Amino acid sequence: MQRLGKHKILSWLLLTVFIASTFMLGGCGTKAEKASTWTLVNPEGVVQPTVVKLNPHPSTLEGKTVALRWNGKENGNNLLDGVAEMLQKNVKNIKIIKLYETMPETVGYGPSKMGPDVINKVAALKPDLIISGQAD
């Protein structure tokens with residue numbers, strides 16, 4: 001009989017704790033149940049593309065001067081060395097200027113490297129075409 005009494009007391013105690021916790025926690029989470037309003041924002045922003053007129057390209061590279069420019073990133077010079085080799089092998093009477101060897105001030109990127117002074121020095125060479133290796 002004593003065992004039955006302990007079970008009844010334990011049952012009543014658990015029931016009391018359950019009921020009390022239900023009443024005490026009943027108000028919790030009411031804000032979470034309300035609908036949320038979200039505003040979706042595109043992080044890219046608005047881009048207005050501008051049309052750029054391309055300069056005319058020569059129909060052939062025979063007899064032309066081609067300047068090769070490297071921005072200083074790893075292996076870009078190796079790419080341009082390969083381009084120079086292929087052009088000299090396949091195009092008659094072509095003149096190649098490796099700017100990264102003859103004008104080290106052109107190596108790099110950004111306005112600090114290719115400012116008006118450097119651009120004017122390159123333009124003074126009168127290249128018909130400039131090929132730039134980015135190595136990105």
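Nothing in this text is a laboratory measurement; each read-out follows from the coordinates by a stated rule. This is a predicted model, so every value here is computed, not measured. Quick reminder, even Gly has a Cβ in these numbers, built from the backbone with ideal geometry, and neighbours come from all protein chains shown.
Cα axis of helix 2-25 to longest principal axis of the chain: angle in degrees, 0 to 90, nearest 10?
Here the helix axis deviates by roughly 50 degrees.
Using alpha carbons only, how many degrees (0 to 90, rounded to 10) separate the axis of helix 76-90 from the longest principal axis of the chain?
40 degrees
Per the helix-only calculation at 222 nm, which mean residue ellipticity applies to the chain, given -39500 (n - 2.57) for every DSSP H run of n ≥ 4 and division by its residues, nearest 500 deg cm²/dmol?
-12500 deg cm²/dmol
Order the peptides 36-45, 115-124 from the highest to the lowest mean number of other Cβ atoms within 10 Å of their residues.
Result, highest mean Cβ count within 10 Å first: 115-124, 36-45.
Find how much the distance from ALA20 to LYS64 grows on full extension, using 0.36 nm per residue of separation minus their present alpha carbon separation; answer in nm with one decimal. Walk me through the numbers on the way to the answer.
Values: separation 44, 0.36 × 44 = 15.84 nm, distance 9.20 nm.
Value of the extension gain: 6.6 nm.
Of VAL66, VAL91, LEU79, which is farthest on the positive side of the dipole of region 65-133, counting Cα position, with +1 on Lys and Arg Cβ, -1 on Asp and Glu Cβ, and the Cα centre as origin?
VAL91
With +1 on each Lys and Arg Cβ and -1 on each Asp and Glu Cβ, and nothing else charged, work out how big the dipole of the chain is about its Cα centre, in Debye to the nearest 20.
Working: 16 positive and 11 negative charges, 152 e Å.
Here the chain has a charge dipole of around 740 debye.
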